[in-house]
Amino acid sequence: MAEDDLAQLAGLMEDPEALGEFQWFGWRSAEPFRREWAEDGLLGEERLMLAVRAGSGADSGVGPGVDGEFVGFVAARRAGARVVSRHWNIGVQLLPRARGRGVGTRAQQLLVEYLFAHSPVMRLEADTETGNLAEQRALEKCGFLREGVQRAAVFRAGEWRDVVRYGLLRTDPRPGL
C-alpha cells in the first residue's frame, strides 16, 4: 500500500455504495488506517493490508483505468487464541468496477501464497455472509473448503446475519496460479 493509496482507501471505506451490500457496517474513520500506515506501512504482525491494482492491457478485466491504479485491497488479520495455533483470517474489498472479473479471486490467491510463504501458519480462514455467493465462489476457486455456517455472527444493517466459514490448510491442494 503506497501513501498515495490512502486517499482512495479512505474514499472506499466511507462510501456505502462502493463497499457494497455485504461490507457496509456504518460510518467509520479511515484515520486508523493512516496511523497504521505511518507506523508500519499496513504490514503489521497482527494485521496487513495490500493494495489491489489494475492489471496491464485490455485483458486486465478491470475496465477503464490506468495500469497499476488502486482498485481495492486484500487484508489479513491474526486469529486464534493460542500462540501455537494462530492463523490468518483473510478478505478482499474491491471498487465496484473491478468486481465480477476474477480480480478478487486472483488477489486472494496471491495473498494465500504470500501468507504461506512468509509465515509458519498451518491454516488460513475466511468468513462471508451466507448471501455473498460471489465471495464464496472466489474462495472455493482459491482452494478454500466450506466448513460450516455460524449463526447470527455479524450485526449489519439492523439485523443479525449468518456467515459461512471457509478454511484452507497449508497441506490442502490449491488450484494453480
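The values are calculated or read from the model by the stated rules, or taken from the named source; none is laboratory data. Not measured: the values here are computed from a predicted model. Glycine also receives a Cβ, built like all others from the backbone with ideal geometry; neighbour counts cover every protein chain displayed.
Annotations
- The condition (being under 26 Å from Gln8 (Cα atoms), surrounded by 13 or more Cβ atoms within 10 Å (Cβ to Cβ) and modelled with pLDDT under 95) is satisfied by just one residue among Arg99, Arg174: Arg99.
- Of everything listed in (1) under 18 Å from Gly41 (Cα atoms); (2) modelled with pLDDT under 90, the single unmet condition for Arg53 is (2).
- Segment 130-147, subset basic (Lys, Arg) and assigned to a helix (DSSP H, G or I), residue farthest from Gln23 (Cα to Cα): Lys141
- Lone qualifier among Ala7, Ala30 - being at pLDDT below 85 and farther than 22 Å from Gly158 by Cα: Ala30
- Just so you know, in segment 122-131 the residues that are surrounded by 18 or more Cβ atoms within 10 Å (Cβ to Cβ) and not charged (D, E, K, R) include one that is farthest from the chain's Cα centre (by Cα), and it is Leu124.
- Some residue of segment 58-67 being out of contact with any Cys (no Cβ under 6 Å at 6 or more places or on another chain), at pLDDT 70 or above and either of a type in the set (Val, Ile, Thr) or surrounded by fewer than 16 Cβ atoms within 10 Å (Cβ to Cβ) (or both): no
- Tallying residues that are farther than 15 Å from Phe70 by Cβ and either among the hydrophobic types (A, V, I, L, M, F, W, C) or within 15 Å of the chain's Cα centre (by Cα) (or both) within segment 22-45 yields 7.
- Annotation: of all residues in segment 134-177 being within 25 Å of Ser119 (Cβ to Cβ) and of a type in the set (Asp, Glu), the one that is nearest to the chain's Cα centre (by Cα) is Glu135.
- Single unsatisfied condition, Glu113 versus (1) farther than 24 Å from Glu21 by Cα; (2) in contact with a helix residue (DSSP H, G or I) (Cβ under 8 Å, 6 or more places away or on another chain); (3) of a type in the set (Asp, Glu): (2)
- Looking at segment 1-46, the helices (runs of 4 or more DSSP H) lying wholly inside it that each contain 2 or more residues that are surrounded by 15 or more Cβ atoms within 10 Å (Cβ to Cβ) and either in contact (Cβ under 8 Å) with a residue 60 or more places away in the chain or touching a Cys at 6+ places or on another chain (Cβ under 7 Å) (or both) sit at 5-13, 16-19.
- Condition check for Arg106: farther than 22 Å from Leu48 by Cα and assigned to a helix (DSSP H, G or I): no
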